[in-house]
Protein chains: 2
Amino acid sequence: METRQCGPIGRPRGFDADEALERALLVFWEHGYEGASLSSLTTAMGISTTSMYAAFGNKEQLFRKALERYTEGPGAHLAEALREPTALAVATAILTGTVRSTTRPAHPHGCMGVQGALVASDSGREVRDLLVAWRDNSYSCVHERFRRAVDDGDLPQEADPGLLARYVTTLAFGIAVQAASGVGRDELQEMADAALRNWPLT
Amino acid sequence: METRQCGPIGRPRGFDADEALERALLVFWEHGYEGASLSSLTTAMGISTTSMYAAFGNKEQLFRKALERYTEGPGAHLAEALREPTALAVATAILTGTVRSTTRPAHPHGCMGVQGALVASDSGREVRDLLVAWRDNSYSCVHERFRRAVDDGDLPQEADPGLLARYVTTLAFGIAVQAASGVGRDELQEMADAALRNWPLT
DNA sequence: GGACTTCTGTAGCGATCGCTCCAGAACTCG
DNA sequence: CGAGTTCTGGAGCGATCGCTACAGAAGTCC
C-alpha cells in the first residue's frame, strides 16, 4: 500500500482555532472560569457552541488549553525569569514581570492563574484544583531555582530557598490581587523594588 | 394616647438570624459570591428561600451583611492591629493576624475579602466592586496609620507610608491566596516574619 | 459524478439559577 | 373569640446554564 500526500479529509474548519483560543483566554482571564459563560465565550470567539465543542471538547478543556496558552504567553515571564543568572535577578524579574503582565493596558488586569478560579462551586472544583497545582508549580520552580543558587554559592549557605520562594510568590500573588483591584502599575513597581531592597531577607 | 409595652406583632421568626448569617458567611467564604448558590446557602442556613428573602432581602444583600460580619469577626484582626503602638507592631499584627485567620482549621481557608469575588460575571459586577472597595479601604486604613506613625516620629521622616501600606497589604493578599491554595500556617508565618525583618524597608 | 468525512448553525435538551406567589401557620391585639 | 400582622414551606416562575441531536454545507477520495 502506497503512502500518499493528502490534505485533511472533510469540510475544513471555518475559523482560526488559535485566534479563537486567544479570545477565549481573554474572557477567562477577565471573568474567571465560572464567570465566563459559554455564550460569552463563543460570542467572543466568533463561533457557535457546536464548533467550540468540536474543536476544544468542552468548557473545562477549553479552559485548560487557555491556561496553557496563558502560561506560554502573558505568563511566560516566570520561565524567562528563572533563567536569570542570579537569585536576585530572578526575584527581580519575577516581580517586575508580574507587575507588567497584571497591569497591561487593554488587557484584563490581574493573573489568570490566581483569579481564574480562586474559589468555585462544587462543579468547578477540578478547575480550582488545576489552578492550585498551577500556582504550586510556580512556587516549586522558584524553590528549585533558589536551591540551585545556594548550591552555586550565589545565595549564602544559610539562606532558606523555600522561604525565599514563598516570599517572592506571595508578593507576586498579592500583586495580582492588587492589579485586579485596579492599583496602578507604577505604584506596584515601586513597591516591588522596595520589597527586594533587603535581599535575601538577611 | 398611652404608650404601652408590646412585643413584635405577627408570627415570630422560627430561626436565629444571627446564626443563619454565620452559616451563610461560611458558604460565601468558601465558595465565593457566585460559587455559592441559593440552595447551598439556604441548606446551610437551615431555612427556606422564602425565609431568607424575608429576613435578608436577596442574595446580594445577604452577601453584604455576611461581609460586614466577616469584617467584625474573622477579619477583625486588621482593626485590632491598627491600634498597636508602633508601625512595626501594626505591620506584624496585620500579617500574623492574616496568617492565622486564613489558615484556621475547620474554617474556610483564605480571605473572604479576596476570594469572595476577585472576578465575576456581568451579574456579579456590583459585588466585585464592593470587594474592591473593601480591599481599598483596608489599604487606606493602613496608609493613614503609617502616615500618623511618620508624624509621631515612630517612622523616619523619609519613610513612604503609602509604599509601606502597599507592601503590607500586598503580602496580606498574597498570604490569602497561598492559604486558599492549601499552604500551611507555619510556613506562612515564617515567611511573614522574614518579610518584616528589614522594617521599614530601609 | 457518488461515497465518505468533517465542520457548520439552529433548535432545544434537562438542570439549575435567583426569585416570587400563595395559602396556611403562629403570633399580638381588642 | 375574630381581626390583623408576620413568618413558613412548597410549588413554580422565566432565564440561563453547559451541552447535544440533527440536517445540511463543504471539503477529499475513487
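The values are calculated or read from the model by the stated rules, or taken from the named source; none is laboratory data. Just so it is clear, the model here is predicted, and its values are computed rather than measured. As a convention, Cβ positions derive from the backbone with ideal geometry for all residues, glycine included, and neighbour counts pool all protein chains shown. With ligands, DNA and RNA removed, areas are computed over all heavy atoms of the protein, side chains included. Shrake-Rupley method; radii C 1.70, N 1.55, O 1.52, S 1.80 Å.
Quick look at the values:
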read-out	value
Output for the stretch A:141-153, where each listed residue is within 14 Å of another protein chain (Cβ to nearest Cβ) and free of Cβ contacts under 8 Å to residues at least 60 places away in the same chain	A:H143, A:F146
Count - residues of the stretch B:69-100 that are open to solvent by less than 70 Å² (accessible area, probe 1.4 Å) and in a helix (DSSP H, G or I)	19
Test: residue in the stretch A:154-170 that is open to solvent by 30 Å² or more (accessible area, probe 1.4 Å), under 25 Å from A:Y70 (Cα atoms) and either more than 8 Å from chain B (Cβ to nearest Cβ) or assigned to a helix (DSSP H, G or I) (or both)	no
Any pair with Cβ under 9 angstrom, 6 or more apart, that starts in the stretch A:98-123 at a residue that is acidic (D, E) and ends at one that is in a helix (DSSP H, G or I)	A:D122/B:H31; A:D122/B:S40
Boolean, A:T103 is open to solvent by less than 40 Å² (accessible area, probe 1.4 Å), in contact with a helix residue (DSSP H, G or I) (Cβ under 6 Å, 6 or more places away or on another chain) and either within 11 Å of DNA strand D (Cβ to nearest atom) or within 14 Å of chain B (Cβ to nearest Cβ) (or both)	yes
Unique match (being within 9 Å of chain A (Cβ to nearest Cβ), within 18 Å of the chain's Cα centre (by Cα), more than 17 Å from A:G162 (Cβ to Cβ) and open to solvent by 30 Å² or more (accessible area, probe 1.4 Å)) among B:D136, B:D129	B:D136
Test for A:F173: is it open to solvent by 10 Å² or more (accessible area, probe 1.4 Å) and aromatic (F, W, Y)	yes
Among (1) farther than 17 Å from A:R135 by Cβ; (2) more than 14 Å from DNA strand C (Cβ to nearest atom); (3) among the aromatic types (F, W, Y), the one test that A:F63 misses	(1)
Candidate set from the stretch A:19-68 (those that are within 12 Å of chain B (Cβ to nearest Cβ) and away from DNA strand D (no atom under 13 Å from the Cβ)); member that is surrounded by the fewest Cβ atoms within 10 Å (Cβ to Cβ)	A:E30
Subset of the stretch A:179-192 that is touching a residue at least 40 places away in the same chain (Cβ under 8 Å) and in a helix (DSSP H, G or I) - its residue that is nearest to the other protein chains (Cβ to nearest Cβ)	A:A180
